1. Give the residues of the range 455-477 that are part of a loop (DSSP other than H, G, I, E, B) and surrounded by fewer than 16 Cβ atoms within 10 Å (Cβ to Cβ), sorted by residue number.
2. Got a sec? Which of Glu308, Glu297 is assigned to a strand (DSSP E or B), within 22 Å of Arg211 (Cα to Cα) and at pLDDT 80 or above?
3. Would you pick out the residues in the range 332-342 that are at pLDDT below 90 and out of contact with any Gly (no Cβ under 7 Å at 6 or more places or on another chain)?
4. Look at the range 400-433 and say how many of its residues are closer than 17 Å to Pro488 by Cα, open to solvent by 40 Å² or more (accessible area, probe 1.4 Å) and charged (D, E, K, R).
5. Of the conditions (1) crowded, with 22+ Cβ neighbours inside 10 Å; (2) in a helix (DSSP H, G or I), Leu354 clears all except one; give me its number.
6. Output the residues belonging to the range 162-195 that are at pLDDT 90 or above and among the aliphatic types (A, V, I, L, M).
7. Name every residue in the range 420-450 that is in contact (Cβ under 8 Å) with a residue 60 or more places away in the chain and not hydrophobic (A, V, I, L, M, F, W, C), in order of residue number.
8. Identify all residues within the range 326-352 that are closer than 27 Å to Ala235 by Cα and of a type in the set (A, V, I, L, M); write none if there are none.
Amino acid sequence: AVVRLGPAAPLGALLAAAAARLSPPAPPAAESRPPWSRPAADRGGPPAGEAGGVLVLVPDQRRAVQGAAWLQRRHLPVALLPDDWALARAGGCVVIGTRSAAWAPLPKVSAVMVIDAHDEAYRQQQAPTWVAWVVAAERARRDGAPCVLVSPCPTVELLQAGRLLTVSRPRERWDWPPVEVVDRRAEDPRRGLFSAPLVDRLRWVLAGPDRRLVCVVNRTGRIRLLACHACGELARCPRCTGPLELVQPGDRRAPADLQIPVLTCRRCDLSRPVVCDRCGATRLRALRLGVQRVAEELTALAGVPVDERWGPPTAAETAPGPVVVGTEAALHRVEHADVVAFLDFDSELLAPRLRAGEEALALLARAGRLVGAGPPGRRRGHVLVQTRQPDHDVVQAAASADPARLTTAETLIRRGLALPPFSAVAELSGAGAADYAAALAAAASPSVAVSGPVDGRFSVRAPDHPTLCDLLATVTRPAGRLRVEVDPLGR
């Protein structure tokens, strides 16, 4: 089952559910208890005393340590991986860990819970590539154990893996923070990087003790965003809503017969003239922000030192002050915040990846956990989003605490364009990729398409995974380095 809970759902309650054989915390008394919240015995599950262990996966080691400590305080047998590998092998305990814990040597799993199953951390990037929640779910299937994938914003792939179960709308809204959307299209460009609402939040943070503002900006940028010089409208693909890239004649990605500049979508390969959809202007400008520039200007504006958080943590890193600027790493290296502001959220919405929208919503969910959302009456922080796309499905899904707004739109687009999970895709790279792609194209059936190269990579698309895997297995691999990644994360 896939359980959708708000980002501020307490970790301890989820661990208690896992320890009780996946009996998640009961909804408020006024609600009827859904099937996933009943004890395992009521569902006809195996008795609690059966040999085996409960497997719990979390996205990062800090949460694994916190979860293990919570379980130990309640005198429950727990194995924290990777340190307690031998204890996990003995079984009869709750095994908790990150991605690699999916391979924990439990003699048998009696239940599986994956917390934040949408998180990219569960994907192994090095070859051979694999996904931890898929491995854990397969182990549960083979052992006949229940498996629950918990996420505040389930992806389209997760929704295809099991039945979606939700709590009531009031309860789900309680666990999402207030989201303030700032439309920057009509703002005076002379205001610089910071909108008036953001400046107000900054002044509020500096006016009181123990308050903190975290500003998130993509330091290196995932794409060079293009906006109309006249009206500020972002250049987006009319077919798949992805970002459009300006391709000049003679560029590496340009066709040999290209005579004039065009806008090209890297997601669906659509090309179109360099014209703004909103006002018809033909002049575009590039948008780019960086952590260091933001920190310098914010220091001048706030009059206090600004801490930067990007890249891996260092031993010399000090406790953050009232104002922090960083990449999305700041959301993992700061314990709490009163305000989280995304200064350039369009770089997330228009990243050239299939899962850009889902990953953007995951960032907002992570920010919601950081500001400590909760029921009315309890102090809650705010998430502020600066964007030129205030009506984007991601922004509206977070603002309304309704992730289904995004997944419904994503499902329609992917099904219509035959994109994963409604097809199977393999990406080929390395010195042997060209020869291997040619051999695959020669052996492929009409239902399989081999395309490329794009940035040195070839793509193989099949209607389903058995067809794709059978084709990859029947073609002999050429000499030389070759990487084959099925359903690549970066696509």
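1. Restricting attention to the range 455-477, the residues satisfying the condition of being part of a loop (DSSP other than H, G, I, E, B) are 455-456, 463-464, 475-477.
Of everything in the range 455-477, those that are part of a loop (DSSP other than H, G, I, E, B) and surrounded by fewer than 16 Cβ atoms within 10 Å (Cβ to Cβ) turn out to be Asp455, Gly456, Pro463, Asp464, Thr476, Arg477.
2. Values: Glu297 fails: assigned to a strand (DSSP E or B).
Checking each option against the conditions leaves just Glu308.
3. Quick first cut of the range 332-342, residues at pLDDT below 90 only: 332-336.
Passing the criteria: His332, Arg333, Val334, Glu335.
4. 1
5. Just one mismatch for Leu354, condition (2).
6. If the condition is that a residue be at pLDDT 90 or above and among the aliphatic types (A, V, I, L, M), then Leu164, Leu165, Val179, Val181, Val182 are the ones that fit.
7. Narrowing the range 420-450 to residues in contact (Cβ under 8 Å) with a residue 60 or more places away in the chain: 420-421, 424-427.
Within the range 420-450, Pro420, Pro421, Glu427 meet the criteria.
8. Filtering the range 326-352 down to residues closer than 27 Å to Ala235 by Cα leaves 326-328, 340-352.
Of everything in the range 326-352, those that are closer than 27 Å to Ala235 by Cα and of a type in the set (A, V, I, L, M) turn out to be Val340, Ala341, Leu343, Leu349, Leu350, Ala351.
The values are calculated or read from the model by the stated rules, or taken from the named source; none is laboratory data. Quantities reported herein were computed from a predicted structural model and do not represent experimental measurements. Backbone-built Cβ (ideal geometry, glycine too); neighbour counts: all protein chains shown. Areas reflect the complete protein model, heavy atoms only, side chains present, ligands, DNA and RNA absent. Shrake-Rupley method; radii C 1.70, N 1.55, O 1.52, S 1.80 Å.
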